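Engineer: Shown below is the structure under consideration.
The values are calculated or read from the model by the stated rules, or taken from the named source; none is laboratory data. Since this is a predicted model, take the numbers as computed values, not measurements. Here the Cβ positions follow ideal geometry from the backbone for every residue, glycine too, while neighbour counts run over all protein chains shown. Accessible surface is based on the protein model in full, side chains and every heavy atom, while ligands, DNA and RNA are left aside. Shrake-Rupley method; radii C 1.70, N 1.55, O 1.52, S 1.80 Å.
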Amino acid sequence: MDRGAIAFAAMVVIVVVAAALNGYRHYEELLQQYTHIHHVEAAIVGGASSSGSRVLLQGAGATFPLPQLLEWIRLFMETHPHIVVSYRGVGSGAGQSMFFERTIDFAGSDPPLTHRQWLEYRGLVMQVPYLLGAVVVTYNLPGFHGTLNLSGRVLALIYSGKIVYWDDPRIQRLNPGYRFPHKPIVVVYRADASGTQYIFTLFLHKSAPRLWPWSLVSKVPKYPVMASGRARGGKGNPGVAQIVLSTPYSIGFVEWGYALEKHMPIAAIENSAGVFVKPSIESIEAAAREAFKHLPKDPRADFSDDLTYIVYAPGRESYPIASWTHLILWTRYPCTKARALAQFLTWIAEEGYRHMVPGYAPIPEPMRGLLLKAAHIIVEGCVRG
Amino acid sequence: MRSRSDRLFLLSLLPPAATIVAAMMLMIYVFVYHSVPVLVREGLTFFASSRWSPSTSLRSAFYGILPAIYGTLVTSGIAVAIALPLSLSMTLFLNEVAPPRIRAFFSTLVDMMAGLPTIVYGLWGLFVLAPLLQRLVMEPLHRYLGFLPLFSCPPISGYSVLTAGVILAIMVMPYTFALMNEAYASIPLTYREAVLAMGASRYEASRILLSMIRPAIVGSVLLGLGRAASETVAVTLVIGNTPTISPCLFSSGYTIASLIATQYGEAPLYPFMVSALYGAGLFLLVLGLALNTVGLALVTRWRVRMGVSA
């Protein structure tokens, strides 16, 4: 070994030792953070800086609302030239951590803040469910025309590997008019952690709690069917869609808008009233109306279990795998930013819902009060300077 | 005694060189720093367990990356197993048999292949290669050789460990070929003349010359393995992404790189998951450094022995 290599190795050793020592401290910090709740007291202002006379509002987070948000931002900026809004789809988790690190002004998140997070930031943080979507079950069944009927029970059996073939009597019974082929079902799921997956497994749990225990409700569930070798994971909606499209006798789930765009067949799902419903703006809004009855009416409140109300909501018209996504906001901003943000929120409530992108549904009229209330709080509590 | 202008010249070139070293050190630092929490928490079971179960509850969150390590090794292994004979025969074909014009055509082609963006390979794999392999390769193999564990599971979809290996082979081939070709072409003429003067046929001569570049071949295999192990986009699109370990090549799997790529966006929601992904990245970093160091050392040593200046 020559001298250069020895010097390099020594340098690496020093760096590794230093990193390991600091890393251990990092571990203890994380452990603290995950086990204890520190109520954050200080007023939080600032965040991403604004330049010149234009006000810059930066957001990031869930990718699910991205197409709708970009459309709204485009329209909003046409009529509000002094405000620049940006939103990056980085995933709900990454969006939340950017928000709490104050690199952005607002976050988009599919799940609400957990109870623990809410306790920690109580009074400083607001959440608004503001956009409805749905998870749809799609399939590739050569020779089948019409609409496939499925229930949460049957889907739970398919995703736990207990129903193996398409001609299983439990599928046959829901679709009496068609003779299914004796082919094994290829079960497709999302390989990446995603809100879509959480909603889907939450639906399975709520509609068939015995077959689908709470432990299998997750953004990254371990589907029992994985062990059978008949399961495939795709990355994102495009990945799942492509696998389903190119694999005969497969079944999978994607976001509604994605299935519409790709002209994929969409199954009708049995809701809690026993009716088979396909996703539509009306059936998704119906579910949200039912769920809103259980929601807090103040954006500063705890929303941590709000998804359990909209998924498998009661009502004959409700589509059972509907969901909403959240905006996460501070209660206090510097005044220029606060006014701009309040304008944006008000604009969404009053104008935005008239410009919907296919695949999304507006929240029902009464829920829009949450957006207006949040806008009001932000303006009232703004910090001068 | 250096002149003044030379000293200035040296000073002006020092910062860029130092920047590269600093970037490398910072990278190692960051990966170690962020991996420590998961390693303290789980110890070496982090590398040895196949249970990957993120959870919002601290007690039940557990991350084991064995399936990803296994998938990385198997796909890279398949890639090199395919790329090695391909690049060897390409090397012989171009140096021994092909007329110069064809030689130029092929080397341009291979250089171009090396430069293509990886997402291009990925999309092609997703839309074309996976369904094609399923129909033309996996199904016949399963039908006639299904008794072997390697082909025992029914190929119900093209998105599998095998497909990932094949696409990696196509991506790695230009690199292994370039290294072998360079080594073969740079064998000093005297050796070749000596071999031919002994009355060896072309075939015999090639075999002798090939045996002379064996260290370079091993080196290029190691470098190819390093490249294959770290490839992300294309693999993520075709491997099926399940944290399972199966001896069967038609089942789906995970690689370390595809694990990180698919899980990163939501990882901050789960305790210690970001650290787990950094830990997986650290493993890849160490593996890559080891393969590249040994591979480069072999190639360099061979160059020195042959008296070839690189």
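Engineer: Output the residues belonging to the stretch B:10-41 that are more than 15 Å from B:Gly279 (Cβ to Cβ) and touching a Gly at 6+ places or on another chain (Cβ under 8 Å).
Structural biologist: none
Yes or no, residue by residue, for (1) assigned to a helix (DSSP H, G or I); (2) within 14 Å of chain B (Cβ to nearest Cβ); (3) in contact with a Ser or Thr (Cβ under 8 Å, 6 or more places away or on another chain):
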position	(1), (2), (3)
A:Tyr130	no, no, yes
A:Pro142	no, no, no
A:Gly146	no, no, no
A:Leu157	yes, no, no
A:Asp167	no, no, no
A:Ile171	yes, no, no
A:Tyr178	no, no, no
A:Ala193	no, yes, yes
A:Thr201	yes, yes, yes
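Engineer: Those residues that are free of Cβ contacts under 8 Å to residues at least 60 places away in the same chain and either surrounded by 13 or more Cβ atoms within 10 Å (Cβ to Cβ) or within 22 Å of A:His80 (Cβ to Cβ) (or both), I need them from the stretch A:347-366; list them, please. Steps first, please.
Structural biologist: Keep residues of the stretch A:347-366 that are free of Cβ contacts under 8 Å to residues at least 60 places away in the same chain, which gives A:349-350, A:353-354, A:365.
Residues satisfying the conditions are A:Ala349, A:Glu350, A:Tyr353, A:Arg354.
To keep it simple, each residue is scored yes or no on (1) in contact with a Lys or Arg (Cβ under 9 Å, 6 or more places away or on another chain); (2) at pLDDT below 85; (3) facing another protein chain (nearest Cβ under 9 Å).
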site	(1), (2), (3)
B:Ile213	no, no, no
B:Val233	no, no, no
B:Tyr264	no, yes, yes
B:Leu277	no, no, no
B:Gly307	no, yes, no
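Residue by residue, here is whether (1) under 24 Å from the mean Cα position of the chain (by Cα); (2) surrounded by 14 or more Cβ atoms within 10 Å (Cβ to Cβ); (3) more than 9 Å from chain A (Cβ to nearest Cβ) holds:
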{"site": "B:Asp6", "(1), (2), (3)": "no, no, yes"}
{"site": "B:Leu10", "(1), (2), (3)": "no, no, yes"}
{"site": "B:Ala17", "(1), (2), (3)": "no, no, yes"}
{"site": "B:Val21", "(1), (2), (3)": "yes, no, no"}
{"site": "B:Val36", "(1), (2), (3)": "no, yes, no"}
{"site": "B:Leu39", "(1), (2), (3)": "no, yes, no"}
{"site": "B:Glu42", "(1), (2), (3)": "no, yes, yes"}
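Engineer: Counting only residues that are in contact (Cβ under 8 Å) with a residue 60 or more places away in the chain, open to solvent by less than 20 Å² (accessible area, probe 1.4 Å) and touching a helix residue (DSSP H, G or I) at 6+ places or on another chain (Cβ under 8 Å), how many does the stretch B:64-77 have?
Structural biologist: Selection size over the stretch B:64-77: 7.
Engineer: Next question. Considering only the stretch A:216-274, how many residues are of a type in the set (Val, Ile, Thr) and either within 11 Å of chain B (Cβ to nearest Cβ) or open to solvent by 50 Å² or more (accessible area, probe 1.4 Å) (or both)? Write out each step before concluding.
Structural biologist: Step one: list which residues in the stretch A:216-274 are of a type in the set (Val, Ile, Thr), which gives A:217, A:220, A:225, A:240, A:243-244, A:247, A:251, A:254, A:266, A:269.
From the residues that got through so far, the ones that are either within 11 Å of chain B (Cβ to nearest Cβ) or open to solvent by 50 Å² or more (accessible area, probe 1.4 Å) (or both) too are A:217, A:220, A:225, A:240, A:243-244, A:247.
Total meeting the criteria: 7.
Engineer: Here's another thing I want to ask about it. All but one of (1) away from chain B (no Cβ under 14 Å); (2) under 21 Å from A:Ala342 (Cβ atoms); (3) surrounded by 23 or more Cβ atoms within 10 Å (Cβ to Cβ); (4) not charged (D, E, K, R) hold for A:Leu56, so report the exception by its number.
Structural biologist: Result: A:Leu56 passes all but (3).
Engineer: Residues to consider are B:Phe46, B:Phe106, B:Phe31; find the one that is away from chain A (no Cβ under 12 Å), open to solvent by 40 Å² or more (accessible area, probe 1.4 Å) and in a helix (DSSP H, G or I).
Structural biologist: Values: B:Phe46 fails: open to solvent by 40 Å² or more (accessible area, probe 1.4 Å); B:Phe31 fails: away from chain A (no Cβ under 12 Å).
Answer to the check: B:Phe106.
Engineer: For B:Ala164, work out the one condition from (1) within 14 Å of chain A (Cβ to nearest Cβ); (2) modelled with pLDDT under 90; (3) open to solvent by less than 30 Å² (accessible area, probe 1.4 Å); (4) assigned to a helix (DSSP H, G or I) it doesn't fulfil.
Structural biologist: (2)
Engineer: Anything in the stretch B:219-274 that is under 19 Å from the mean Cα position of the chain (by Cα) and of a type in the set (Asp, Glu)? List them, or say none.
Structural biologist: Result: B:Glu231, single match.
Engineer: Which condition does B:Ser246 not pass, out of (1) closer than 16 Å to B:Leu66 by Cβ; (2) open to solvent by less than 10 Å² (accessible area, probe 1.4 Å); (3) within 12 Å of another protein chain (Cβ to nearest Cβ), if it passes all the others?
Structural biologist: Here B:Ser246 clears every test but (2).
Engineer: Against the conditions (1) without any contact (Cβ under 8 Å) to a residue 60 or more places away in the chain; (2) open to solvent by 30 Å² or more (accessible area, probe 1.4 Å); (3) within 28 Å of the chain's Cα centre (by Cα), where does B:Met25 fall short? Just the number, please.
Structural biologist: (2)
Engineer: Does the stretch B:126-152 hold any residues that are surrounded by fewer than 21 Cβ atoms within 10 Å (Cβ to Cβ), within 11 Å of chain A (Cβ to nearest Cβ), under 18 Å from A:Ser250 (Cβ atoms) and of a type outside the set (A, V, I, L, M), and which are they?
Structural biologist: Those that are surrounded by fewer than 21 Cβ atoms within 10 Å (Cβ to Cβ), within 11 Å of chain A (Cβ to nearest Cβ), under 18 Å from A:Ser250 (Cβ atoms) and of a type outside the set (A, V, I, L, M): B:Phe127, B:Pro131, B:Arg135.
Engineer: For B:Ala290, only one of the following conditions fails: (1) surrounded by fewer than 24 Cβ atoms within 10 Å (Cβ to Cβ); (2) more than 22 Å from B:Met173 (Cα to Cα); (3) away from chain A (no Cβ under 11 Å). What is its number?
Structural biologist: (2)
Engineer: Take B:Ala61 and tell me if it is of a type in the set (A, V, I, L, M, F, W, C) and either without any contact (Cβ under 8 Å) to a residue 60 or more places away in the chain or within 12 Å of chain A (Cβ to nearest Cβ) (or both).
Structural biologist: Values: of a type in the set (A, V, I, L, M, F, W, C): yes; either without any contact (Cβ under 8 Å) to a residue 60 or more places away in the chain or within 12 Å of chain A (Cβ to nearest Cβ) (or both): yes.
When the stated conditions are applied, B:Ala61 passes them.
Conditions tested, residue by residue: (1) under 30 Å from A:Lys297 (Cα atoms); (2) open to solvent by 10 Å² or more (accessible area, probe 1.4 Å); (3) in contact with a Leu (Cβ under 6 Å, 6 or more places away or on another chain).
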| residue | (1), (2), (3) |
| --- | --- |
| A:Val136 | yes, no, no |
| A:His145 | no, yes, no |
| A:Arg153 | no, yes, no |
| A:Asp168 | no, yes, no |
| A:Gly177 | no, yes, no |
| A:His182 | no, yes, no |
| A:Ile185 | no, no, no |
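Engineer: When you look at A:Tyr189, is it modelled with pLDDT of 90 or more, at the interface with another protein chain (Cβ under 10 Å from one of its Cβ atoms) and open to solvent by 10 Å² or more (accessible area, probe 1.4 Å), yes or no? Can you show your working first?
Structural biologist: Numbers: modelled with pLDDT of 90 or more: yes; at the interface with another protein chain (Cβ under 10 Å from one of its Cβ atoms): yes; open to solvent by 10 Å² or more (accessible area, probe 1.4 Å): no.
No.
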